[in-house]
1. How many of the residues in the stretch 107-120 are surrounded by 14 or more Cβ atoms within 10 Å (Cβ to Cβ) and part of a helix (DSSP H, G or I)?
2. Using the structure shown, decide if Lys62 is surrounded by fewer than 16 Cβ atoms within 10 Å (Cβ to Cβ), of a type in the set (Lys, Arg), farther than 30 Å from Leu25 by Cβ and modelled with pLDDT under 80.
3. I need the full set of residues from the stretch 22-43 which are farther than 20 Å from Gln125 by Cα and open to solvent by less than 40 Å² (accessible area, probe 1.4 Å), in order please.
4. Take the residues in the stretch 80-105 that are open to solvent by 70 Å² or more (accessible area, probe 1.4 Å) and outside any loop (DSSP other than H, G, I, E, B); name whichever of them is modelled with the lowest pLDDT.
5. Contact list please: Cβ distance under 9 Å, first residue in the stretch 1-27 and in contact (Cβ under 8 Å) with a residue 12 or more places away in the chain and on the phi < 0 side of the Ramachandran plot, second residue open to solvent by 70 Å² or more (accessible area, probe 1.4 Å) and basic (Lys, Arg), pairs at least six apart or on different chains.
6. Say we look at the stretch 126-138 and pick out the residues that are of a type in the set (S, T, N, Q) and in contact with a helix residue (DSSP H, G or I) (Cβ under 9 Å, 6 or more places away or on another chain); which of these is surrounded by the fewest Cβ atoms within 10 Å (Cβ to Cβ)?
Amino acid sequence: MYVFFAVIIILVFIIILIHNSIIGLRNNVDKSKSGIDVYLQQRFDLIPNLIEVTKGYMSYEKDLLDKIAELRSIYNQSKDIQAGNELNNQYKTIMATVENYPELKASEQFLNLQKSLVKIESELQAARRIYNNDVTRYNTKINTFPNSMIAWVFDFQKRDLFVLDGEDKVEVGF
């Protein structure tokens, strides 16, 4: 009889340990995602300045500038990854369009904004790598046995990797 209770106590202890380790990994994923949000917000906060600097030079690209402002607003309200991806694509378009304006590329204000954006892009890439690493660890943990049974019982859901449009998504799982 004592052996039975000892086995039950050990099983409960193991379940608690596994549950807590999954919670810790899930919290790391959430923390990493907030890091991405911070860098995206910093980048999106620079976009109105970039738009103002470029408006005088790029009068016929007004639709592009308006679309960027609209997408920025949508992202700020919803933090939707799709809106972020679309905004990223429009941002790349505006930076490519700048190549057609040598006076703009020489503008000190534009150069300072561009340096700031390059720095934020670098930090955003690092944050994405950390997030995707944390998501991979979390997804692996909840997909391996016996953790998968505990994850199922406590309804731990798989998280998606942060990928930009045009990148291949790598699935994690067994």
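1. Summing the residues that are surrounded by 14 or more Cβ atoms within 10 Å (Cβ to Cβ) and part of a helix (DSSP H, G or I) in the stretch 107-120 gives 6.
2. Judged against the criteria, Lys62 is a match.
3. Those that are farther than 20 Å from Gln125 by Cα and open to solvent by less than 40 Å² (accessible area, probe 1.4 Å): Ile22, Gly24, Leu25.
4. Filtering first and then ranking leaves Lys105.
5. Matching pairs, first to second residue: Leu25/Arg137.
6. Across the stretch 126-138, the extreme among qualifying residues is Asn133.
The values are calculated or read from the model by the stated rules, or taken from the named source; none is laboratory data. In this text the structure is predicted, and so the values were computed from the model without any measurement. No Cβ is skipped: glycine too gets one built from the backbone with ideal geometry, and neighbour counts run over all protein chains shown. For the accessible areas, the whole protein counts, side chains as well, though only heavy atoms, and no ligand, DNA or RNA atoms are used. Shrake-Rupley method; radii C 1.70, N 1.55, O 1.52, S 1.80 Å.
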